[in-house]
Every structure is written in structure tokens, then in C-alpha cells.
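The values are calculated or read from the model by the stated rules, or taken from the named source; none is laboratory data. All values reported here derive from a predicted model rather than from experimental measurement. Glycine also receives a Cβ, built like all others from the backbone with ideal geometry; neighbour counts cover every protein chain displayed.
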């Protein structure tokens, strides 16, 4: 079983809006580790890509000025790719959230399709929230902190 983040359009209160529900797997991403910036482009994580490009340009500028050697550049780039492998999916989820699809639920499932089905079943079978514990039962003819019927 894998953990999936469920995203829905912002106006997902209506049952008809359940068509736009998408599931995104969370956790480690081998594609982000290996391909780095290309993976960010494919996922539409433009803000994360901009930060990556700025940091990579700073590393190369330090290498050109003589502050870093070849091993230092390779090590920092490898650390950047390791970070993308570990946190890439979280960055993609944040980009999806900024793009108009809110994170509405988290589901354990075997596949994205199963995760979407589980979420839709939860929404369609949602029970009304229970009454708060310790609250007295509501009565239409009782008003006030210390109610007396008929007043």
C-alpha cells in the first residue's frame, strides 16, 4: 500500500466536481533523483525549478571564481538531486496546490485509480458530523444558558 495525496478543484463541494479529482503518490521519487530539473518541468513545479536554477548558477559561479573545486561542484549538485529525490513529490504537490487544485485528503491505496475511488466513496458516503460531546440535546423551546421551558 502506498500513500496518495488527493487533489480536487477548489469548488469541489458539489458532487459533480468530483470529476476533477487526481491522486498523487507521495514519498521518494527516483525520477526526480536522476533527472532533477527535467522532472520538475514535467510536473509543473516552476517555483522549485527557479530555485534549483538559481542555486545551480550560484554553485557554478563559485566554481568559476575558484572558491569550489570540481569535487565540490559535483558534491553539491549530487546533494541537490538527492534533495529532489526525497522532497520532489512534496514540491510537486505544493505546485499543484498553488495551481488551483487543493489538497483535500490523504489515502492509502495500491494505485492512483484506487486512491481516487476510495476518496470518491468517502465523499459520497460521508455522514454528518457528530454532535459535540457534553453538549445538551437541542430543544426548540429552550433558550439561554440556564434554560427554563416556556420563556
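Across segment 106-117, the number of residues qualifying as more than 17 Å from the chain's Cα centre (by Cα) and buried (at least 16 other Cβ atoms within 10 Å of the Cβ) comes to 1.
Kindly check whether there is at least one residue in segment 54-61 that is in a helix (DSSP H, G or I), touching a strand residue (DSSP E or B) at 6+ places or on another chain (Cβ under 6 Å) and on the phi < 0 side of the Ramachandran plot. The answer is no, given that none of the residues of segment 54-61 is in a helix (DSSP H, G or I), touching a strand residue (DSSP E or B) at 6+ places or on another chain (Cβ under 6 Å) and on the phi < 0 side of the Ramachandran plot.
Among the residues of segment 79-105, those identified as under 9 Å from the mean Cα position of the chain (by Cα) and closer than 12 Å to residue 26 by Cα are 89, 90, 91, 92, 93, 94. Of the residues making up segment 33-52, those that are over 18 Å from residue 98 (Cβ atoms) and part of a helix (DSSP H, G or I) are 33, 34, 35, 37, 38. Set side by side, the residues 86, 91, 103 differ, and just one is in a helix (DSSP H, G or I), touching a residue at least 40 places away in the same chain (Cβ under 8 Å) and touching a helix residue (DSSP H, G or I) at 6+ places or on another chain (Cβ under 6 Å), which is 91. Selection of segment 19-28 for residues being modelled with pLDDT under 90 and out of contact with any strand residue (DSSP E or B) (no Cβ under 7 Å at 6 or more places or on another chain) yields only 19. Only one entry of 126, 133, 89, 96 meets the criterion of being buried (at least 16 other Cβ atoms within 10 Å of the Cβ) and modelled with pLDDT under 85, and that entry is 96. Going through (1) touching a strand residue (DSSP E or B) at 6+ places or on another chain (Cβ under 6 Å); (2) free of Cβ contacts under 8 Å to residues at least 60 places away in the same chain one by one, residue 65 falls short only on (1).
Let's see how each residue does on (1) within 30 Å of residue 19 (Cα to Cα); (2) at pLDDT 90 or above; (3) out of contact with any helix residue (DSSP H, G or I) (no Cβ under 8 Å at 6 or more places or on another chain); (4) surrounded by fewer than 16 Cβ atoms within 10 Å (Cβ to Cβ):
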residue	(1), (2), (3), (4)
40	yes, yes, no, no
50	no, yes, yes, yes
56	no, yes, no, no
67	no, no, yes, yes
75	no, yes, yes, yes
82	no, yes, no, yes
